[in-house]
Each structure stands twice: as C-alpha cells, then as structure tokens.
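Visitor: To start, I am sharing the structure in question, which I have written as structure tokens.
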Amino acid sequence: MPRVYLGLGSNLAEPLAQLHGALAALAALPQSQLLGRSSFYASDPLGPADQPRYVNAVAALESELTPLQLLDALQAIELNRGRERKAERWGPRTLDLDILLFGDLMLDEPRLRVPHYHMHARAFVLYPLAELAPDLRLPDGRALTDLLAACPFEGLERLPE
C-alpha cells in the first residue's frame, strides 16, 4: 500500500476539536490504516488577514484507495465536519484536508494535483511533515531537508500536546 501524507487545517469551530475529529474519521477509512500524525501547529492565515490563525498538522496513512477515491472520502469528512465550500480562496474554514503526497505518484488532474501544488513553500506543511518523514524525498527527487532550508519557520507555533 502506498504511504500517503495528508495536510489538515482548521481555523473555525474549535480547530483542535476539528483536527481530532478528522483524525478519528481518517482512522476509520476503509482499506486504509492511519499510521500517525505530527504535532499541531498554529499558523498565520495565507488568505485574508482578518481571520483567526489556523491549526495545522500532517497525518500519514497507508491506503488501498485510489487517489480520487481518497479525495472523495476526504471531502466527505470535511462536509461532515461542517465545511462549506465558498468561492473565496484561502478563507476561513472548519476543516481542510489535502492530499500532499500519494506514494511516489505524480498526478495532475482537474480535481487533484499530487504532490500538492504549493506544499514546497508552506512551512505549516513542511515542518509537520518532517516530524513524520525527516528523510523524505518527493517524487521529483527533491529532498524534504532542502525544502525546509528554503522555507523558514516563520509564523508557526508548535502547540503543546
């Protein structure tokens, strides 16, 4: 089964509770096994500044689901946790679940791009990912350590457990 890394984020409706609920839902996914999760991190929003800080984490799982089956399952979890899809990009949300990496797969489809299109520039993705897979290489050969060196730990706060 391929190793899959997922980004989790929330800044509405008790973000820590949202992430814990999402992790429980991920653990219950069919044909999948949740392997672990990073620490939780508070981060500044990417979009409009007039929104609360996010709580982010990365989860690792193994899954026999196809990438699009997994995407559908993640979107169902988001909806069950109160997510409303709006036209505004990077606005506040109850829950955001993104497929960051799906094994060594490189995929560019209308609904899904893997590796996640902008993960290389997002500290709130790279630092939690490094907790789970410090020696990781992306499918294009780039080392996670090189991405971390180019992406400072700014605007992040590791939250106590």
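Visitor: Under a Cβ-only charge scheme (Lys and Arg +1, Asp and Glu -1), can you give me the dipole magnitude of the range 104-148 about the Cα centre, in debye to the nearest 20?
Guide: 160
Visitor: Further, regarding this structure: Please state, to two decimals, what the Cα-based radius of gyration of the range 95-147 comes to when divided by 2.2 N^0.38 Å (N = residues). Kindly include the intermediate steps, with their values, before the conclusion.
Guide: Numbers: Rg = 10.9 Å, N = 53, 2.2 N^0.38 = 9.9 Å.
Ratio of Cα Rg to 2.2 N^0.38 Å: 1.09.
Visitor: Could I have the simple spin-label model distance between residue 72 and residue 158, label points 7 Å from Cα toward Cβ, reported in nm to one decimal?
Guide: Placing both labels 7 Å along Cα→Cβ, they lie 3.9 nm apart.
Visitor: At 7 Å along Cα-to-Cβ for each site, give me the label-to-label distance between residue 16 and residue 121 in nm.
Guide: The answer from the label model is 3.2 nm.
Visitor: Starting from 0.36 nm per residue, how many nanometres of slack lie between residue 51 and residue 131 once their C-alpha separation is accounted for?
Guide: Extending this stretch completely gives an extra 26.1 nm.
Visitor: Of the listed peptides 105-111, 4-10, 23-29, what is their order by residue-averaged count of other C-beta atoms within 10 Å, with the highest listed first? Numbers along the way, then the final one.
Guide: Details: 105-111: 10.4, 4-10: 25.1, 23-29: 16.1.
By packing density, highest mean first, the sequence is 4-10, 23-29, 105-111.
Visitor: Test of understanding: what is the full-extension gain from residue 109 to residue 146, defined as 0.36 nm times their sequence separation minus their Cα-Cα distance?
Guide: 10.6 nm is the gain from fully extending residue 109 to residue 146.
Since every read-out is calculated from the coordinates, none of them should be taken as a lab result. Just so it is clear, the model here is predicted, and its values are computed rather than measured. As a convention, Cβ positions derive from the backbone with ideal geometry for all residues, glycine included, and neighbour counts pool all protein chains shown.
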